[in-house]
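Enquirer: Have a look at the structure that comes next, please.
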Amino acid sequence: VWDGGAINSTHLDFLPSGRVTVVEAGALTDHGTHVTGTITSKGLVNPRARGMAPNATIFGWNFSGDIQSEMAAGIPANNLLVSSHSYGFSFSGSCNFNNSLLVYNTTARNTDINLNNFPTHLHVHSAGNSQSACSGVGGFFTITGSGKPAKNNLVVADITSAEALSGSSSCGPVQDGRIKPEISAMGTNVFSTWSPGNSSYATISGTSMAPPGGSGTAVLLYQRYKQLNSNNNPPSTLIKNIICNGAQDLGNPGPDYKFGFGRLNALTAVRILEDNRYVVNNVSNSAANDVSITVPAGTARLKVMLTWNDPAGSANANPALVNNLDLTVVEGANTTLPWILDKNSPSAIA
């Protein structure tokens, strides 16, 4: 967890002692303690506060440092499979895709470098709370910078218990038209651990509260993959893929710049692993791979998604894409192409 200040590691919900390690000491932070509880609280004092992965091991850093350097050292040193990031910049500037917060900047580039150097690590980030800053254009173009415009991370929107987008949750696209956020998760009125004290709880809202739910879910998916694959770690691209492709569609049909691919659905995602409905593959430059899919009779819908960790592009590159991989689904004489969004008309249906 990268957050402001230190996690309240003495909270009873983080027992046994040592399960939550504060790597960077500092003043206790309510915010960091809350997001950590959403990931891994045991709910010992109040079962309502039980986190997504209540036996996970957590390491906490302060986001005021050099996050990318800390990740480069911390991932291999602590075998970090998932990192949760709930921070960003205050929105300022133009309400269009040329806003500097939407640019594939040096921080985004360094994020992609880390995720390519450590291909089993998934970086989960908040979308931001600036939707209202661009109300005149429907809240689009409000992703709040930092490393969020990276290609290989997972950016999360904030939805309510009624599966409506929060009125503050930032929307895409980023500068080159890529989908951000990619996924939506509960971030409104989230009940979790608090500080000070060792048994405090609080209910708060914001896109900060959405990524830890996604991070905790991802931890469970890693665990299930390892159980099914001789304790080997999956590539993070597979976990990102099943989270996105297994999502419950919200908003416009198909992906969109508000909900991404939809609401996180952990049960659907884990069934993809358990039913072995995925392929991990490679393709050479200018070559093609064919994968045969047997669709059971009576199937109502087939969803196919191609995901890869793209090499880091140059800072400020537009587009940031390096490897341009294309997906087609062929059934006899019928060829189906992927959904495509238009950054110039972000509210349009794909």
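Enquirer: Got a number for residues in segment 115-132 being closer than 20 Å to residue 222 by Cα and open to solvent by 10 Å² or more (accessible area, probe 1.4 Å)? Spell out the reasoning first.
Expert: Initial filter on segment 115-132 (closer than 20 Å to residue 222 by Cα): 115-125.
Okay, now just the ones that are also open to solvent by 10 Å² or more (accessible area, probe 1.4 Å), so 116-120.
Total meeting the criteria: 5.
Residues are listed down the side, and each one gets a yes or a no for (1) at pLDDT below 95; (2) of a type in the set (A, V, I, L, M); (3) open to solvent by less than 80 Å² (accessible area, probe 1.4 Å):
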position: 304; (1), (2), (3): no, yes, yes
position: 307; (1), (2), (3): no, no, yes
position: 312; (1), (2), (3): no, yes, yes
position: 315; (1), (2), (3): no, yes, yes
position: 319; (1), (2), (3): no, no, no
position: 323; (1), (2), (3): no, no, yes
position: 329; (1), (2), (3): no, yes, yes
position: 340; (1), (2), (3): yes, yes, no
position: 343; (1), (2), (3): no, no, yes
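Enquirer: Same structure again: For segment 8-19, what are the residues that are open to solvent by 10 Å² or more (accessible area, probe 1.4 Å) and either among the hydroxyl-bearing types (Ser, Thr, Tyr) or on the phi < 0 side of the Ramachandran plot (or both)? Can you show your working first?
Expert: Going residue by residue through segment 8-19, those that are open to solvent by 10 Å² or more (accessible area, probe 1.4 Å) are 9-10, 12, 15-19.
Result: 9, 10, 12, 15, 16, 17, 19.
Enquirer: Looking at 169, 215, 208, 192, which one is closer than 29 Å to residue 42 by Cβ, small (Gly, Ala, Ser), in a strand (DSSP E or B) and open to solvent by less than 50 Å² (accessible area, probe 1.4 Å)? Please lay out each step first, then the result.
Expert: Numbers: 169 fails: in a strand (DSSP E or B); 215 fails: in a strand (DSSP E or B); 208 fails: in a strand (DSSP E or B).
192 is the lone residue from the list that is closer than 29 Å to residue 42 by Cβ, small (Gly, Ala, Ser), in a strand (DSSP E or B) and open to solvent by less than 50 Å² (accessible area, probe 1.4 Å).
Enquirer: Failed condition for residue 60, given (1) open to solvent by 20 Å² or more (accessible area, probe 1.4 Å); (2) modelled with pLDDT of 95 or more, with all others met?
Expert: (1)
Enquirer: Right, something else. Taking the condition of being closer than 22 Å to residue 107 by Cα and free of Cβ contacts under 8 Å to residues at least 24 places away in the same chain, how many residues in segment 19-77 meet it? Working first, answer last.
Expert: As a first pass, look at segment 19-77 and keep what is closer than 22 Å to residue 107 by Cα: 23-24, 32, 59-77.
Now restrict to residues that are free of Cβ contacts under 8 Å to residues at least 24 places away in the same chain: 66, 69, 73, 77.
Number of matching residues: 4.
Enquirer: Limited to segment 143-166, what total is found for residues that are of a type in the set (A, V, I, L, M, F, W, C) and part of a loop (DSSP other than H, G, I, E, B)? Steps first, answer last, please.
Expert: Kept after step one, since they are of a type in the set (A, V, I, L, M, F, W, C), are these residues of segment 143-166: 143, 150, 154-157, 159, 162, 164-165.
Within this subset, residues satisfying the condition of being part of a loop (DSSP other than H, G, I, E, B) are 143, 150, 162, 164.
Total satisfying the criteria: 4.
Enquirer: On to the next question. Kindly list, by first and then second residue, each pair from a residue in segment 244-269 that is closer than 17 Å to residue 215 by Cα to a residue that is acidic (Asp, Glu) and open to solvent by 30 Å² or more (accessible area, probe 1.4 Å), limited to pairs with Cβ atoms under 7 Å and residues at least 6 apart or on different chains.
Expert: Taking only residues 6 or more apart or on different chains, the pairs are 262/249; 263/163.
Enquirer: Is segment 119-126 home to any residue that is part of a loop (DSSP other than H, G, I, E, B), in contact with a Phe, Trp or Tyr (Cβ under 9 Å, 6 or more places away or on another chain) and touching a residue at least 60 places away in the same chain (Cβ under 8 Å)?
Expert: Start the filter on segment 119-126 by keeping residues that are part of a loop (DSSP other than H, G, I, E, B), which leaves 119-121.
If we keep only those that are in contact with a Phe, Trp or Tyr (Cβ under 9 Å, 6 or more places away or on another chain) as well, we get 120.
When the remaining residues are screened for being touching a residue at least 60 places away in the same chain (Cβ under 8 Å), the result is 120.
Taking every residue of segment 119-126 in turn, at least one turns out to be part of a loop (DSSP other than H, G, I, E, B), in contact with a Phe, Trp or Tyr (Cβ under 9 Å, 6 or more places away or on another chain) and touching a residue at least 60 places away in the same chain (Cβ under 8 Å).
Enquirer: Could you please give the count of residues in segment 79-107 that are over 18 Å from residue 31 (Cβ atoms) and either of a type in the set (A, V, I, L, M, F, W, C) or in contact with a Ser or Thr (Cβ under 8 Å, 6 or more places away or on another chain) (or both)?
Expert: Taking segment 79-107 and keeping what is over 18 Å from residue 31 (Cβ atoms), we get 79-82, 91-107.
Then drop every residue that is not either of a type in the set (A, V, I, L, M, F, W, C) or in contact with a Ser or Thr (Cβ under 8 Å, 6 or more places away or on another chain) (or both), which leaves 80-82, 91, 93, 95, 97, 101-103, 107.
Of the residues in that region, 11 qualify.
Enquirer: Given the condition of a type in the set (Phe, Trp, Tyr), open to solvent by 50 Å² or more (accessible area, probe 1.4 Å) and closer than 25 Å to residue 337 by Cα, answer yes or no: does some residue in segment 240-260 qualify? Give the steps one after another, and end with the answer.
Expert: Taking segment 240-260 and keeping what is of a type in the set (Phe, Trp, Tyr), we get 257, 259.
Imposing the further condition that a residue be open to solvent by 50 Å² or more (accessible area, probe 1.4 Å) reduces the set to none.
No: segment 240-260 contains no residue that is of a type in the set (Phe, Trp, Tyr), open to solvent by 50 Å² or more (accessible area, probe 1.4 Å) and closer than 25 Å to residue 337 by Cα.
Enquirer: Now for a different question. Which pairs have Cβ atoms under 6 Å, sit 6 or more apart or on different chains, and link a residue in segment 304-318 that is within 25 Å of residue 268 (Cβ to Cβ) to one that is of a type in the set (Ser, Thr, Tyr) and in a loop (DSSP other than H, G, I, E, B)?
Expert: So the pair list comes out empty.
Enquirer: Looking only at segment 138-159, count how many residues are in contact with an Asp or Glu (Cβ under 7 Å, 6 or more places away or on another chain) and open to solvent by less than 10 Å² (accessible area, probe 1.4 Å).
Expert: Restricting attention to segment 138-159, the residues satisfying the condition of being in contact with an Asp or Glu (Cβ under 7 Å, 6 or more places away or on another chain) are 150-152, 154-155.
From the residues that got through so far, the ones that are open to solvent by less than 10 Å² (accessible area, probe 1.4 Å) too are 150, 152, 154-155.
Within segment 138-159, residues that are in contact with an Asp or Glu (Cβ under 7 Å, 6 or more places away or on another chain) and open to solvent by less than 10 Å² (accessible area, probe 1.4 Å) number 4.
The values are calculated or read from the model by the stated rules, or taken from the named source; none is laboratory data. Since we're looking at a predicted model, the values are computed, not measured. With ideal geometry, Cβ positions are generated from the backbone for all residues, glycine too; neighbour counts draw on all protein chains shown. Keep in mind that these areas ignore ligands, DNA and RNA; they rest on the heavy atoms of the full protein, side chains included. Shrake-Rupley method; radii C 1.70, N 1.55, O 1.52, S 1.80 Å.
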